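Q: One structure, as structure tokens, below. Some questions next.
The values are calculated or read from the model by the stated rules, or taken from the named source; none is laboratory data. The structure presented is a predicted model; accordingly, all values stated were derived computationally and were not measured. As a convention, Cβ positions derive from the backbone with ideal geometry for all residues, glycine included, and neighbour counts pool all protein chains shown. Just the protein is used for accessible areas: all its heavy atoms, side chains included, with ligands, DNA and RNA removed. Shrake-Rupley method; radii C 1.70, N 1.55, O 1.52, S 1.80 Å.
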Amino acid sequence: MTVNAAKGTYNFPYSHTVGFMANQGRGFNNPIDLAIAPTGELYVLNRAGPEVGIRLPYKRVTICTAEEEYLGEFSTGGTADGQLWWPSAVALDSEGLAYIPDEALNHVQVFTPDGAFLRKWGVSGSAAGELNRPSYLAFDAEDNLLISDSLNHRVQKFSRDGGFLDTWGRSGSGDGELNMPWGLALDRDGNVYVADWRNDRVQKFDPSGGFIAKWGGSGSGLFNRPAAVAVDDEGLLYVADWGNERVRVLTPEGEVVGTIRGDSVDSRWAADYFAANPEEGSARYAADLAPEIDPAGERDREESANVEKLLWGPTAVKLDGEGRIFIVDSCRHRLQVYRKERKG
């Protein structure tokens, strides 16, 4: 197993994989984030860069379930209303509407649960309420939308229709300062957790933006470019440690209780594809999917690029309230699913 439970009272065993590489239809193309509906549907956002004509149709949202039932997809690449250019995250409000920020276009688009475009809002700039590379978003208990305003090095709060409410943070590495923030999560008390990407740490703020705590930081070795964070009802933090090709699980006190490197096997979609395309299937199953890697150099990155089961470019981690952990494994075009279990 490549899921290692350290010093804590939990295990995080691998469950299964959802998805495989597909340009359209049943599969993913460089997924970057997902949202989980209360009724269980997964909204998987496919970034599918670069932004060239042949790849634009691959930019889309795939709707499926954790059991790999394919339900459909919506949107495509482009700059018109309802289209995606540099989509970076997806979140659902209390009515099931899907909100997607666009880093290049500096706006947020809103879609119905089945993918019909409703509206967009957002203005480029650095003044309060303006956006510069909005990279992530999350809803609070009042259905207000928090956005990582990445190149403005701050978090902003808006109403669902784009009305500006609040902002906090500034460029820097001190407590409460941010350097290209990315992932966001809220706990049940409304506290906000920010993946402070360029500072190699996660910070915790109260609902008004007051600094509470931090984990990691440059030189600590705990994180390397953390992309996303989730927090469960017991206060455990799940951090998509993008630069280290892993997910770290920490207690609120900062103790590492789990490190997930990846343990994937083929999804049902992939198995169906290889059964229908036996020549490709034979070549895959004859290949060495776990070669020995020279330990010199950046070992984790080299392992992840060459060992099929490992995470390669984890960009998001989400929890479904049933003890399942969904990791967006972007460079391998899939979701890896794990479970949280107590020891003893």
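Q: Using modelled backbone amide H atoms (1.01 Å from N, in-plane), which distant-in-sequence or interchain residues come within less than 5 Å of T315's amide H?
A: Amide H to amide H, under 5 Å and 5 or more residues apart or across chains, T315 pairs with V328, S330.
Q: Please give the charge dipole size of the chain, origin at the Cα centre, charges +1 on K and R Cβ atoms and -1 on D and E Cβ atoms. Round to the nearest 20 debye.
A: 400 debye
Q: Carbon-plus-sulfur fraction of the accessible area of the chain, 1.4 Å probe, in percent?
A: Of the solvent-accessible surface of the chain, carbon and sulfur hold 48 percent.
Q: Given the Cα-Cα distance of A276 and L71 and 0.36 nm per residue of separation, how much length would full extension add, in nm?
A: Result for the pair: 71.7 nm of gain on full extension.
Q: Could you give the length gained on full extension between R284 and S15, defined as 0.36 nm per residue of separation minus the Cα-Cα distance, in nm?
A: 94.6 nm
Q: Restricting to the chain, what percent of DSSP beta bridges are antiparallel, rounded to 5?
A: 95 percent
Q: Within the chain, what's the longest stretch lacking GluC sites (Glu not before Pro) that sit in DSSP loops with no more than 14 other Cβ atoms inside 10 Å?
A: The longest uninterrupted stretch comes out as 143-233.
Q: Take region 135-217, compute every pairwise Cα distance, and split them into 5 Å bins from 0; I just need the percent in each bin.
A: The percentages, shortest bin first, are 3, 18, 31, 27, 14, 5, 1.
Q: Follow-up question, since we're still on this one. Pop the C-beta distance of R268 and R188 into the FRET formula with R0 = 22 Å and round what comes out to the nearest 0.05.
A: 0.05
Q: Then there's this: Can you give me the relative contact order of the chain as a percent, contacts being Cα pairs under 8 Å and 6 or more apart?
A: Over the chain, the number comes to 17 percent.
Q: Once you have a ≥ b ≥ c as the square roots of the Cα gyration tensor eigenvalues for region 26-160, tell me rounded if a/c is under 1.5, and otherwise prolate or oblate according to whether a/b is larger than b/c.
A: Here region 26-160 falls in the oblate category.
Q: Still on this model: Please go through region 28-120 and write out the chymotrypsin sites (Phe, Trp or Tyr not before Pro) that DSSP classes as loop and that have at most 13 other C-beta atoms within 10 Å.
A: Hits after loop and neighbour filter: nothing returned.
Q: Among [x] 49; [y] 59; [z] 43, which is the computed percent of Cα pairs over 27 Å apart?
A: Of the listed options [x] 49; [y] 59; [z] 43, [z] comes from this structure.
Q: Among S75, N46, W168, whose Cα projects farthest towards the positive end of the dipole of the chain, with charges put on the beta-carbon of Lys, Arg (+1) and Asp, Glu (-1)?
A: Ranked along the dipole, the leading option is W168.
Q: Assign unit charges at the C-beta atoms only (+1 for Lys and Arg, -1 for Asp and Glu), then state the dipole size of region 188-340 relative to its Cα centre in Debye, rounded to the nearest 20.
A: Result for region 188-340 is approximately 380 debye, rounded to the nearest 20.
Q: Hey, another quick one. Starting from the Cα gyration tensor of region 123-276, take the square roots of the eigenvalues, sort them a ≥ b ≥ c, and report rounded, prolate or oblate (rounded when a/c is under 1.5, otherwise prolate if a/b is larger than b/c, else oblate).
A: prolate
Q: So, one more: Please tell me the relative contact order of region 70-164 in percent, rounded to the nearest whole number, where contacts are Cα pairs under 8 Å and at least six residues apart.
A: The normalised contact order for region 70-164 reaches 19 percent.
Q: Tell me the label-point distance for the pair S218, A127, using the 7 Å Cα-to-Cβ offset, in nm and rounded to one decimal.
A: According to this spin-label approximation, the distance is 3.2 nm.
Q: Can you give the relative contact order of region 1-123 as a percent, counting alpha carbon pairs under 8 Å and 6+ residues apart?
A: 16 percent
Q: For the charge dipole of the chain, defined by +1 on Lys and Arg C-beta atoms and -1 on Asp and Glu C-beta atoms about the Cα centroid, which residue among A228, G243, L105 has the Cα displaced farthest towards the positive pole?
A: Sorting the options by dipole projection puts first G243.
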